[in-house]
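Please treat every number below as a calculation from the coordinates, not as lab data. Nothing here was measured: the structure is a model prediction, and the numbers come from that model. Every residue, glycine as well, gets a Cβ built from its backbone with ideal geometry; the counts of neighbours run over all protein chains shown.
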Amino acid sequence: MAQRLKTDWVLFATVLAMVSFGLLILYSASSVMAKMDPRFHSSWYFVIHQAEWAAVSIAVMMALKKTSYRKLNNSAVAFTAMGITLILLAVVYFFDSASHRWLRVGSIGVQPSELAKPALVIFLAFFVTWRARAINDPRYTLIPAALSVGLVLVAVVVPDLGTAVVLGIAAGVIFFVAGLEWRYCAIVAGFALLGVMVSIASKPYRLARVVQFFDPQFKIVGRFDHAGKVKAQMQNSLATRDTNYQLEQSQIAVGSGGPPGLGLMNGKQKLYLFGAHTDFIYAVVGEEMGLIGAAGLLIGFGVIFWRGLRAAWLMHDDFGRYLALGVTVVVVVQGLINMSVVLGMMPTKGLPLPMISYGGSSLLSTLALLGILMNVSEHAG
């Protein structure tokens, strides 16, 4: 007789509540701008598009929730997912010569870097489970893992450093929990740090963002740049949204909300924030919903973290454990990075707030991951 699984209602309700809240705050963040912009004409433009993506994403989540996670523990699934992801990343590199991010078919745009999240999590869980008894074997485990994971991260980092960092952290956590020796952890961490530094240095606007975050007045840079050439070059590489103006407006929005907030639709700083409906939507939450709303979102990610770790702890097989761990790290770390940027705790990085920011690809990949986590959680215990 088939085992009757019990839905993790805490996780399920939390996810649906966050998606619903995301649609609500998205309307507030985007309605004025959408109505004034001649390209959109309607204050409901972004909400309608996000709701359409939400319907598709929830359907995918429910399908994965009902599909046993054990069916993913298959070399064909793992390698096919990775292969398709790499092909899409290669295609978008050549077809989107401006930003290397979007594949567009008519009015529909998809970001392959977002689809890389579930693909890499599944692959990592499969690969680490497969090589569990030889996790520290350089020849048969570490080198193949470094080549495959590194290839994906290099392909992702070209258009999206933030997503590459999130995926890199997830890979590191999974291998660490699987028993990777400290010396190899240190080597991997060293190469990862070097890779991030090279990626930042290779893009002038990325380097300028980091320098301006730690040295906003360019005082340190000025000590060796007496002619001001470096400062001028960095400032020229920045768009308006990259300057401290963006961060200042974000912090003003969060600070002006106070504990109760100004009320939905009553926020004013969203009119001065670039990406108020995307990367900086958390600032709108802070202004209109106050500390209560901002803390509520943080609690939501805390619940996902709790249920994900619980599922990983209670799982009886390694594949389910690593799957739950990978999903949890990807979703929660991305959320924390986004909120940290908005609060001025990290340099500006274009990374959406999962389930809240506008973006169909992000919502689809996030709910697909959470659908997998729900199924794992149902088998835990």
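For a quick check: with amide H placed at 1.01 Å from N, whose amide H comes under 5 Å from G261's, ignoring anything fewer than 5 positions away on the same chain?
Close amide H contacts, sequence-distant or interchain: G290, L291.
Mean 1/r over all different Cα pairs, inverted: what Kirkwood radius does the stretch 1-92 give, in Å?
Numbers: mean 1/r = 0.0600 Å⁻¹.
Computed over Cα pairs of the stretch 1-92, the Kirkwood hydrodynamic radius comes out at 16.7 Å.
Within a 10 angstrom radius of the beta carbon, how do E248, E114 rank from fewest other beta carbons to most?
On the way: E248 14, E114 22.
In order of increasing Cβ crowding within 10 Å: E248, E114.
Given R₀ = 35 Å, what would the calculated FRET efficiency be for I292 paired with L193, taking r from the Cβ atoms and rounding to 0.05? It would help to have the intermediate numbers written out before the result.
Values: r = 38 Å, r/R0 = 1.07.
Here the calculated transfer efficiency is 0.40.
Going down the list K219/K268; K71/K117; K203/K270; K6/K65; K203/K268; K35/K349, which pairs span over 22 Å between their C-alpha atoms?
Numbers: K219/K268 33 Å; K71/K117 18 Å; K203/K270 28 Å; K6/K65 11 Å; K203/K268 33 Å; K35/K349 27 Å.
Where the Cα-Cα span goes over 22 Å, the pairs concerned are K219/K268; K203/K270; K203/K268; K35/K349.
I need the phi-derived Karplus couplings for the stretch 131-143: 6.51 cos²θ - 1.76 cosθ + 1.60, θ = phi - 60°, integer Hz, Gly and Pro marked x.
Running phi through 6.51 cos²θ - 1.76 cosθ + 1.60 with θ = phi - 60° gives 9, 4, 7, 10, 5, 9, 7, x, 6, 9, 10, 5, 5 Hz.
Once you sort the root eigenvalues of the Cα gyration tensor of the stretch 262-381 as a ≥ b ≥ c, which label holds: rounded (a/c under 1.5), prolate (a/b larger than b/c) or oblate (the other case)? Write down the numbers at each step before the final one.
Details: a/c = 2.59, a/b = 2.23, b/c = 1.16.
Cα axes put the stretch 262-381 in the prolate bin.
With just the Cα atoms defining each centre, how far is the stretch 191-206 from the stretch 111-178? Give it in Å.
A separation of 19 Å, based on Cα centres.
For I169 and A13 in the same chain, what is the full-extension length gain: residue separation times 0.36 nm, less their Cα-Cα distance, in nm? The partial results should precede the final answer.
Details: separation 156, 0.36 × 156 = 56.16 nm, distance 2.70 nm.
The I169-A13 span can extend by a further 53.5 nm.
Which value in nm describes the separation of the simple spin-label points at V91 and A59, placed 7 Å from the Cα toward the beta carbon?
Simple spin-label model gives 2.0 nm for this pair.
Need one number for the stretch 64-169: average projected area of the convex hull over its C-alpha atoms, nm².
On the way: hull surface 31.5 nm².
The directionally averaged projection comes out at 7.9 nm².
Would you order K203, K219 from fewest to most other beta-carbon atoms within 10 Å of each residue's own beta-carbon? Don't jump to the answer; show the numbers that get you there.
On the way: K203 14, K219 8.
The order, fewest Cβ neighbours first, is K219, K203.
Among F123, F274, rank each residue by its count of other Cβ atoms within 10 Å, from fewest to most, as a rough exposure measure. Present the calculation step by step, with values, prior to reporting the outcome.
Details: F123 27, F274 15.
The fewest-first ordering by Cβ neighbours comes to F274, F123.
Can you tally the net charge around Q334? Count Lys and Arg as +1, Asp and Glu as -1, for every other residue whose Cβ sits under 14 Å from the Cβ of Q334.
Values: positive: K117, K349; negative: E114, D160, D279.
Here the count lands on -1.
Which residues in the stretch 12-26 place their backbone N less than 19 Å from a point set 7 Å from the Cα of S256 along the Cα-to-Cβ direction?
Inside the label zone: 25-26.
Using label points projected 7 Å from each Cα along Cα→Cβ, tell me how many nm separate V32 and I299, to one decimal.
Output for this residue pair reads 2.9 nm.
Treat each spin label as a single point 7 Å out from the Cα along the C-beta direction, and report the R139 to Q217 distance in nm.
About 6.0 nm, to one decimal.
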